[in-house]
Amino acid sequence: MKRICVLPGDGIGPEVVECAVSIVKGATDDLEFVPADIGQAAYEKVGSYLPAETLQLMRSCDSSLFGAITSVEGPEYDPPVLRFRKELDLYANLRPVRTLVQVPNRAPIDVVIVRENSEGMYTQNEVYDDGGVTTLRRVTKKGSERIVDFAIQYALANGRRGITCVHKANVLRASDGLFVNIFREQMRTRGKGLQASEQLVDSAAMKLLTDPSAFDVIVTLNLYGDILSDVAAGVAGGLGFAPSGNIGPKHSVFEPAHGSAPDIAGKGVANPTAAVLAGAMMLNHIGLPESAWRIERAVSDFYSSGHLTTDMGGRHGSKSYTEHILRNLAAQPHR
Ligand code: GGG
């Protein structure tokens, strides 16, 4: 039996993770769930936002399902999300965004953003001096090669038609230029029929809004991927629709791309869709694709039959959403 480390975290994290776990349990009996503390709850118990015991459990489990973290201000704060990504070598951040419900004035979107997750602007290497702060942004050959390779393997395995490399190499000529050159070389040698295209990050942001069908898989650097996935989520209806997976050679952590939304925490109105779809991504990753497919179908049936969550102006809060998905799941055929 596979073991899943469950990390509810802060704000709406615990409520969306609770929904996701009950739906994953509705899809498969093959998992054992092991809870662990992260964020504020962990800090209050043991004085660390990511205790060593939690990290050890994440390492020993087959995967982890995480909710959200509320960032804390101050120089001594070590963001737990960045830390677990680094400690577990989760170099790829996979963010699929697909329209489930028609959004007024928005075209349908079906895009997968493959975001480099280990370097770029997220190395936390910031140096103060009298005049200001310098942020060191690192782009390596190894980091670029492995994320481009990940995107190619993903696109081929999932029947996608092409990959767009999103960058800003007209300004960041050496660093983003390195990334683009590696993309060109790998697509030429290993792209196997995939269409290759390139786009500057600023125009890519606009085009995601105005013509999302221009994109299929996007491979990009860390900060651009973080921002573009929120733009894509906005096209699909909001952050409640954006699941994500942090994936490395040995470990993986799946989470909704959204944050902890403390303003709506505890009110029962958070949309659990991103967390539930993150659960489905996790099942796919650990070798339970049939259960993943059944969850995805149950979620799309919910929206296609006219139901709406409160973030979309509907009446379904987290609890009634979960009840509906569990009913849809029970009615799903097996493939
Ligand atoms: N699930 C992603 C996550 O929790 N990221 C951390 C984050 O963005 N925190 C800021 C916040 O919740 O306001």
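If eta is 1.306 mPa s and T is 10 °C, what Stokes-Einstein diffusion coefficient results for the chain, Kirkwood Rh from Cα pairs, in µm²/s?
Translational diffusion coefficient: 78 µm²/s.
Determine the alpha carbon to alpha carbon distance for each of Lys168/Lys207; Lys86/Lys207; Lys2/Lys142; Lys25/Lys86; Lys86/Lys192; Lys2/Lys250 and list only those over 21 Å.
Lys86/Lys207; Lys2/Lys142; Lys25/Lys86; Lys86/Lys192
Find the centroid of the Cα atoms in the stretch 203-230 and in the stretch 90-148, then give the distance between the two in whole Å.
If you average the Cα positions of each part, the centres end up 10 Å apart.
Over the alpha-carbon set of the stretch 91-247, work out the extent along each principal axis and list the three values in angstrom, largest first.
Largest to smallest, the principal-axis extents are 51, 38, 28 Å.
Label 7 Å along Cα→Cβ of Ala214; the stretch 226-245 residues with amide nitrogen under 20 Å?
226-237
By per-residue mean of other Cβ atoms within 10 Å, what is the highest-first order of 169-182, 292-305?
Most protected by this proxy first, the peptides run 292-305, 169-182.
Top mean-square fluctuation among Lys250, Lys86, Lys319, Gaussian network model of the chain, C-alpha springs under 10 Å?
Maximum fluctuation in the GNM of the chain, among the listed residues, is at Lys250.
From largest to smallest, what semi-axes in whole angstrom does the stretch 2-153 give when each is the square root of 5 times an eigenvalue of its alpha carbon gyration tensor?
27, 24, 18
Measuring from label point to label point, each 7 Å out along Cα→Cβ, what is the Glu323 to Met1 span in nm?
Calculated label separation equals 2.9 nm.
Got a sec? Which residues in the stretch 23-67 would a label at Asp78 touch, if it sits 7 Å along Cα→Cβ and we count backbone N under 11 Å?
Residues 48-52 qualify, since their backbone N sits under 11 Å from the label point.
Taking the Cα centre of the chain as origin, sum charge times position over the Cβ atoms of Lys and Arg (+1) and Asp and Glu (-1), and report the length of that vector in debye to the nearest 20.
1200
Amide H of Val219 versus every other amide H placed in the peptide plane: which residues, excluding those fewer than 5 positions away on the same chain, fall under 5 Å?
Val114, Thr164, Cys165, Val166
Report the Cys residues of the chain lacking a disulfide-compatible partner, meaning no second Cys Cβ under 4.7 Å from their Cβ.
Taking the Cβ cut-off of 4.7 Å, the unpaired cysteines of the chain are Cys19, Cys165.
None of the figures in this text is laboratory data; all of them are computed from the coordinates on show. Not measured: the values here are computed from a predicted model. Using ideal geometry, Cβ is built from the backbone for each residue, glycine included, and neighbour counts are taken over all protein chains shown.
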